[in-house]
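For reference, the structure is listed below as structure tokens.
The values are calculated or read from the model by the stated rules, or taken from the named source; none is laboratory data. Bear in mind the structure is a predicted one, so any value in this text is a computation, not a measurement. In this analysis, Cβ positions are derived from the backbone assuming ideal geometry, glycine residues included, and neighbour counts consider all displayed protein chains. Protein only, heavy atoms only, side chains kept; ligands, DNA and RNA dropped before computing areas. Shrake-Rupley method; radii C 1.70, N 1.55, O 1.52, S 1.80 Å.
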Amino acid sequence: MTQATVTTDLYPDSDGQPMADNTKQYRWIVRLVSNLRNLLQGQTAFVAGDLLWYPVQVDAPPVPCQAPDAMVVLGRPDVDRGSYKQWKEDNIPPQVVFEIISPSNSATEISQKQAFYDRYGVLEMFFYDPDNFEFWGLTRQALDERLVLLTRLNLPWRSPTLGVTFDMFEDGLALFYPNGERFKDPEELYQERNQTQRKLDRAMEKLRELGIDPSELEE
């Protein structure tokens with residue numbers, strides 16, 4: 001067996017599981033990933049949804065891994081990956097992970113996820129059930145600190161790592177950017193980007209009408 005075969009067998013890019021069990025869970029995952037990417041644009045940061053994370057390299061099974069519904073890795077570039085192999089990423093673990101709970105998730109499974117994230121260096125982990133609005137988190141600001149339980153009774157609460165605020169309302173959990181704007185659905189973010197680009201295009205065209213070359217201004 002070649003080394004390439006061993007690597008492929010030990011670290012597949014898919015666990016064979018669906019990204020989400022239902023549309024509500026899927027919308028939440030996409031909303032988180034879209035807004036977190038928007039939040040961190042321009043920074044050296046990697047955001048992914050349902051991507052396998054391998055924290056350590058091993059020679060034989062079992063291979064420790066999890067696929068958080070959403071994860072944030074500050075300090076790593078935003079490039080395409082089949083999976084997140086931590087030993088190839090300056091050994092930087094995800095600092096923040098989110099799990100959107102579905103009816104198929106058992107208490108044992110959730111407990112195992114929490115233990116995994118604790119063991120392998122996650123600073124902030126958040127769990128949310130969009131069906132009954134159950135929410136909790138486990139947070140710390142440094143790896144040598146013990147995780148502190150966060151519940152809806154602690155909300156509103158601001159993440160020291162991301163600067164986003166969590167709050168609970170009658171229609172469920174909401175997250176807010178540092179400037180106070182609420183996390184939007186991907187369609188809204190797309191429309192806002194298009195509007196911004198159209199305004200920029202009109203401004204560039206106006207400058208050209210005035211005989212000004214926009215490229216010279218950029219210099």
Of all strands (runs of 3 or more DSSP E) fully inside segment 63-179, the set with 2 or more residues that are under 27 Å from G42 (Cβ atoms) and open to solvent by less than 50 Å² (accessible area, probe 1.4 Å) is 70-74, 96-100, 124-129, 134-139, 165-169, 172-176
Every residue from segment 24-62 that is surrounded by fewer than 16 Cβ atoms within 10 Å (Cβ to Cβ), closer than 23 Å to F166 by Cα and charged (D, E, K, R):
K24, R27
If you check every pair at least six apart or on different chains, which have Cβ atoms under 6 Å apart with a residue in segment 173-194 that is at pLDDT 95 or above first and a residue that is assigned to a loop (DSSP other than H, G, I, E, B) second?
L175/V164; L175/F183; P178/G163
Among K24, K85, which is touching a residue at least 60 places away in the same chain (Cβ under 8 Å) and more than 17 Å from F116 (Cβ to Cβ)?
K24
